[in-house]
Every structure is written in structure tokens, then in C-alpha cells.
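> Before I ask anything, let me first share the structure, which is written out below as C-alpha cells.
What follows is calculated from the coordinates using simple rules that are stated; it is not laboratory data. Keep in mind it's a predicted model, so treat the numbers as computed, not measured. Cβ coordinates were reconstructed from backbone atoms using ideal geometry, including for glycine residues, and neighbour counts include every protein chain displayed.
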């Protein structure tokens, strides 16, 4: 197993990144309830062939909080800083859930920096198009926290709604742990971002190898959403992970890692891409 180092990449807000291995850069982007620790079962497998980096997005984990609204544009700028720090002209971008939505925006904003795109348990569409339904969704998610509860108070129920009953032992506990570590103010901002940010555009023009991964038991972004994504991105492959819900990378890491590595090993070398 490769040794991993955690660094902080500035300027403000500083971004915490754990990395190791050598070769082409693979960047792992966590979901709304996660942090870089969610990739602990994936990083060693990737580091055998790649330089792998998992971040804490701005306002998550050990990265800095900041004032102002959250946007995919600002987060994409942070991702550019990460690539620049490692002198990577391009990287393989792997995004889970909210991280997948960020990856969809990033490939539109910075297509020249993407060697391949992997979208895990993600959807290109918001949960509802109707403004009243969106407002109710935001209210229902934010209200417990606005009324005084902390992330640790909601972690258990939310995690149980996302993880498959057939997930491997320890997966639920790992998700609960990551949700308990959430920065409350940032989580509130992220709920609004996912509800109100425009759906990512230009996916039908993506010109890099792409993989869509989904847990067979994912009820939040189900197989139909994954099929929609794979059908929209030219040439995209679809991999369904059995006995996994919305966190397929921690629920069935061996199957997830196999699907991801098989895909990445088939992507043309970055130096041969134009």
C-alpha cells in the first residue's frame, strides 16, 4: 500500500488534499455528506497505478470555511488550483453524488483539464423543476438544523436512507461518521446549491472517455438517472454495482474499484491526448 500525505493548497480558502501513488493524476470528489475519508477503500487500489488525490471541498472536512454563497464555479476554480499544484495539465475526474454534479460543471468550464470523467451515483437533473416543490425540499432538509439540531443529530437517519441493507459491514457507520463531521453552515449552503443551481449543460458535447457508476439499490439517484447520464454523454459506459445504494464506493468497494480501475486502465495516456 502506498503512503498518503495530507496537504493544504492555498490561497484562501485552503483546500485539504490527501494524495499518494505516482502516475497520471486521479482526483476524487466526495458528496454533500462526505469528505476525503470516504475514499479510504479506493485510494490504495488506485495508487498502485495512478497518483490519486482526494479532497475536502471548501467548507468540508479540514478545508477552510468561507463567507458567501456556494457555487460550482468557485468549486471548479478550487479544482483547477489542485491540478495546478500537482503540475497536472489534465486529470481523471471522479465525482460522487454532489461531487459528480461538480464534475459535470467542471468538464464544461474547463474541458481542456479533463482526461476522463467518472460520475458515481449522480444525476444531471435537480430533484424537482417546480419552484414550490424545490422550496419545500430545501425547507425540509434545512429546518432541523435551523431549529438547533447539529449534523450529528441527523446523521443516523439520513445515512440509513442512503445505504443499501445489503452493503458490506461498516459502510453505514462510515457514512454516519462523515456526516457527523459536516460543517453545519456549509451543509445548509450545499442544500440550496443542489436545489437551485442550473442543471449542467453541454454533456452531449463531452469529448473524453466517460464512465457512469450507480448502486443497484440507489433510491436517491436511481439506475434510471444513471442510464440518462450514460445516454447523454457520447460513448459513456454504465456500471451497476450490486448490493449498493447511494454510496457505492463505500458500500461495495471491491466491485466499485474493479469497475473504476478497468475503465481508467483503458483510457488513452494523457500525453497522447490532444
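> Run the quick spin-label model on residue 207 and residue 22: label points 7 Å from Cα toward the beta carbon, then report their separation in nm to one decimal.
Using points 7 Å along Cα→Cβ, the separation is 3.3 nm.
> For a test of the definition: using alpha carbon positions, the gyration tensor, and the 1.5 limit on a/c, classify segment 1-55 as rounded, prolate or oblate.
Cα axes put segment 1-55 in the oblate bin.
> Then there's this: Using 11 Å as the cut-off for backbone N distance, which residues of segment 37-57 belong to the label zone defined by a point 7 Å from the Cα of residue 150 along Cα→Cβ?
Answer for segment 37-57: none.
> First check a/c for segment 109-255, with a ≥ b ≥ c the square roots of the eigenvalues of its C-alpha gyration tensor; if it is under 1.5, answer rounded, and if not, answer prolate when a/b is larger than b/c or oblate otherwise.
Judged from the Cα gyration tensor, segment 109-255 comes out oblate (a/c at least 1.5, b/c at or above a/b).
> Restricting to the chain, what percent of DSSP beta bridges are antiparallel, rounded to 5? Kindly include the intermediate steps, with their values, before the conclusion.
Numbers: 10 of 33 bridges.
Once the DSSP bridges in the chain are tallied, antiparallel ones form about 30 percent.
> Let me ask something else. Tell me whether the chain comes out rounded, prolate or oblate; compute the Cα gyration tensor, take square roots of the eigenvalues as a ≥ b ≥ c, and use a/c under 1.5 as the rounded threshold.
rounded
> Over segment 5-272, calculate the relative contact order: mean separation of alpha carbon pairs under 8 Å at least 6 apart, over the residue count, as a percent.
20
> If I model a spin label as a point 7 Å beyond the Cα along the Cα-Cβ vector, how far apart are those points for residue 74 and residue 3 in nm?
3.6
> Which angle between 0 and 90 degrees, to the nearest 10, do you get for helix 253-265 versus the longest principal axis of the chain when only C-alpha atoms count?
Value to nearest ten degrees: 40.
> Arrange the following residues from fewest to most other Cβ atoms within 10 Å of their Cβ: 64, 56, 207.
Arranged by neighbour count, lowest to highest, 64, 56, 207 become 207, 64, 56.
> Moving on. Which angle from 0 to 90°, rounded to the nearest 10, does the C-alpha axis of helix 98-109 make with the longest principal axis of the chain?
Relative to the chain, helix 98-109 is tipped by roughly 50 degrees.
> In nm, to one decimal, how far is the residue 254 label point from the residue 81 one, both placed 7 Å along Cα→Cβ?
4.0
> So if R0 is 22 Å, what FRET efficiency would residue 237 and residue 89 give, r being the distance between their Cβ atoms, rounded to the nearest 0.05?
0.35
> Give the relative contact order (percent, whole number) for segment 109-255; include only Cα pairs under 8 Å separated by 6+ residues.
Relative contact order comes out at 34 percent.
> If you fit an axis through the alpha-carbon atoms of helix 223-232 and take the longest principal axis of the Cα set of the chain, what angle between them do you get, 0 to 90°, nearest 10?
50
> Name the most mobile residue of 92, 110, 19, meaning the one with the largest mean-square fluctuation, in a Gaussian network model of the chain with Cα contacts below 10 Å.
110
> Determine, for 101, 184, the number of other Cβ atoms within 10 Å of each Cβ, and report the residues in order from fewest to most.
Working: 101 28, 184 13.
By the 10 Å Cβ count, ascending, the order reads 184, 101.
> Rounded to the nearest 500 deg cm²/dmol, what is the calculated helix-only ellipticity per residue at 222 nm for the chain, with -39500 (n - 2.57) per DSSP H run of length n ≥ 4?
It lands at -12000 deg cm²/dmol.
> A follow-up question, please. Taking the chain as a Gaussian network, Cα atoms linked when under 10 Å apart, which of 178, 248, 166 shows the biggest mean-square fluctuation?
In the Gaussian network model the winner is 166.
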